[in-house]
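What follows is calculated from the coordinates using simple rules that are stated; it is not laboratory data. What you see is a predicted model, and the numbers here were worked out from it, not measured in a lab. Note: ideal-geometry Cβ built from the backbone for every residue, glycine included; neighbour counts use all protein chains shown.
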Amino acid sequence: MLKRLPLIPTLLVLIAVGIMIRLGFWQLDRMGQKDELLARYQAAASNQETLAGFPQNSDPADQLYRRVKVSCGEVRGWRSISGTNDRGESGIAHIAECKLTDRFTFDGPGYDVLVSVGWSRNPANPAWQGGEVSGMIAPFKDGEVKIVADPPLAGLAPNARPDPGEIPNNHWSYAIQWFLFALVALVIYGIALRKRLAVKGAEG
């Protein structure tokens, strides 16, 4: 039986299956790491201590969901994106590109930090030129972070509070998918191999 197995196709299938299984266990390992990260975020969100100033000497992402207090010395620009308020209503989140008063040089895009000053249904930017900001550091898009002002500023309504519980941990389902891919590959190859051997047997 073993002598009748096609060597190269069998090796290729076994290598592919081995890779899929390895990827499945890698996803399980990532699941544990994500659980630890989410637990850290939950602890940070529950911490009432306020950071004095936006973290500059380390990756701000390491301080996600911590409370922070900064002084926005100048608004360099605005972004208006879809967002929800603290009652779950849809509208506009107004985000200011702030230059902090304690920073004198730029090492980035021309501003130091994004501040989500508040929520409204009006897409027009608020008449806010800067000042003291208290809030929570939250993830934004493209690897950026933002400060969600709490209390809100410029007479706006409060944004929805950042919640680390909204971050999914999908690594378990990814692991199951890789294990299923490996099983399906073996089953399909087994069926193909059985038909091939049957044909060989009939010819012999």
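Remarks
- Summing charges over neighbours of VAL13, with a neighbour being any other residue whose Cβ is under 14 Å away from its Cβ, gives +2 when K and R count +1 and D and E count -1.
- Projected label distance in nm at GLN129 and GLN177, using a 7 Å step from Cα toward the beta-carbon: 5.1 nm
- Folded to 0 to 90 degrees: helix 171-203 orientation relative to the chain principal axis, Cα: 20 degrees
- The chain: relative contact order in percent, alpha carbon pairs under 8 Å with at least 6 residues between: 24 percent
- Cβ-to-Cβ counts within 10 Å put VAL68, VAL187 in ascending order as VAL187, VAL68, the fewest first.
- Cut-off under 5 Å, modelled amide H: who pairs with LEU51 long-range: ARG67, VAL68, LYS69
- Non-local lysine pairs in the chain, meaning eight or more places apart or on different chains, with alpha-carbon distances under 26 Å, amount to 9.
- Against the chain, whose longest principal axis comes from its Cα atoms, helix 7-46 is set at around 20 degrees.
- Shown here for segment 24-99: trypsin sites (Lys or Arg not before Pro) in loop regions (DSSP other than H, G, I, E, B) with at most 15 other Cβ atoms within 10 Å, namely ARG87.
- Å³ per residue enclosed by the Cα convex hull of the chain: 181 Å³
- Local charge for LYS146 was computed over the other residues whose Cβ lies under 11 Å away, with Lys and Arg +1 and Asp and Glu -1, and equals 0.
- With R₀ fixed at 45 Å, the C-beta to C-beta distance from LEU14 to LEU37 puts the FRET efficiency at about 0.85.
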